[in-house]
Amino acid sequence: MHELKFLDASEDKPLTNSPLLENEESFIKKKKIYFIIAAIIVVIALVVVLCVCLIKPSSGNKDEEPSDEPIIDRFDEAIKLEVYSGQDNKEIFFLSEDFKLSQTNLRNLEENHILYVDGKKYPFAKSMKLKKGKHKVELLLNETSKFTCENMFKGCKDISSIHFNITLDCNDNMENMFSGCTSLLSIDFEKINTSKVKSMKNVFSGCRSLENINLEKLESKQVANMEEMFNGCESIKNINLSNFNSSSVTNMKGMFNGCKSLEQLDISKFDTSHVTTMEKMFNNCNLIQEIKLTNFNTSLVTNMDEMFNGCNKVKNLDINSFDTFYVEKMYHIFYGCDSLENIDISNFFVCHLKDDIRDLFGDIDKNPKQKQLMYFTFKFIIFFSKTWVIIFIQLKILNM
């Protein structure tokens, strides 16, 4: 007979071989693994979102990809540029690093200003890395009345053309606006308001590729400073200054200095009654053959150093209207004028002159007789001027 054995309920023996228990343990392990993976994914997602929110694009936006948004036809509101990149991935400046946008616009930069390059919209930037070749750029600048034109395109050496189809108020300062734009070939001023501008110093200085410029509609009534305005414009052949108002100008130092390709210049309508310095005004204008100076008023001028220095193609200078009574400096005023054949300086009064008379003409002509004649003529004028002043003073004393 078989013996019946009863299991004691108090005995705790693990049922290790139970299939149900094994499945339950496996499920719990998998559940833990899935939970850990999900937690990692959530953490990674949060980190990515946080990085996107905190990391702002650089001011240059150099590596930004264009949006798929098609270009909006806003031609009437844009400054249109043509630029050239000489190599791939070259940084091209559309606006100078020194150009200051208004503080209001800086707070909401992308909302207030828009940039298009070759028909694609980008976040607004002053520069961008571009591929080799020509590119068309549109700058849409809002609240332009709050801008100053000072340094706007200074040093933007890759811009070849600038067309303003937006009303731009230059306020009182236009200094260095296009200075150093060495590749610039053309500028359109039709919509630039310069009625309040007081300084045009260096505005085109260093624009060595610029060949023609029409300033017929440029208002300059308030301008006092035209120092080196066209300095270094080596390629310029013609400047239309027929409607130029210079009635307020006091400084014309180096105004056309280094305009080596300029062949003729009509400034007979210039009002120079307030000008005090004409130093280097036409210095190194190597090809210029005629300078129309009719009605030129120099009554307040004190400095004429190197005024016509290096004008070696000029044959005649009509300076009969010159008043040199207060002139103190005339160093090399006619130096290097090798082709000069006729000049009448009989009306010169130079009693305040501080320079050596021998430095005025330099190598004015290879003809030593003509050089000697002009030397003695001018020396006599100085003697006569000083004598005349002494006599005038004595007569005044006697009449008192």
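Quick notes on this structure:
- Amide H contacts under 5 Å for Ile92, placed H, 5+ residues apart: Met128, Lys129, Leu130
- Burial ordering of Tyr84, Tyr34, fewest other beta-carbon atoms within 10 Å first: Tyr34, Tyr84
- Scalar couplings 3J(HN,Hα) for segment 251-257, obtained by applying the Karplus form with A = 6.51, B = -1.76, C = 1.60 to θ = phi - 60°, are 10, 10, 4, x, 4, 10, 4 Hz; x denotes Gly and Pro.
- Listed pairs Lys90/Lys121; Lys217/Lys237; Lys217/Lys329; Lys121/Lys154 exceeding 27 Å between Cα atoms: Lys217/Lys329
- Listed values for segment 155-167 are Karplus-derived 3J(HN,Hα) couplings in whole Hz (6.51 cos²θ - 1.76 cosθ + 1.60, θ = phi - 60°), namely x, 7, 6, 9, 7, 9, 8, 10, 10, 8, 10, 8, 6, and x replaces Gly and Pro.
- Karplus-derived 3J(HN,Hα), 6.51/-1.76/1.60, for each residue of segment 85-90, Hz, glycine and proline x: 9, x, 7, 5, 6, 8
- Take the Cβ atoms of Asn165 and Ser195, set R0 to 22 Å, and the FRET efficiency comes out at 0.70.
- Cα-projected label distance for Asp88 with Gln222, points at 7 Å along beta-carbon direction, nm: 5.0 nm
- Förster radius 56 Å - calculated FRET efficiency between Ile41 and Ser186 (Cβ-Cβ, nearest 0.05): 0.45
Each reported figure results from applying straightforward, stated rules to the coordinates on display, with no laboratory input. In this text, all values refer to a predicted model and were calculated from it rather than measured experimentally. Neighbour counts are summed over all protein chains in view; Cβ atoms, including those assigned to glycine, are modelled from backbone coordinates with ideal geometry.
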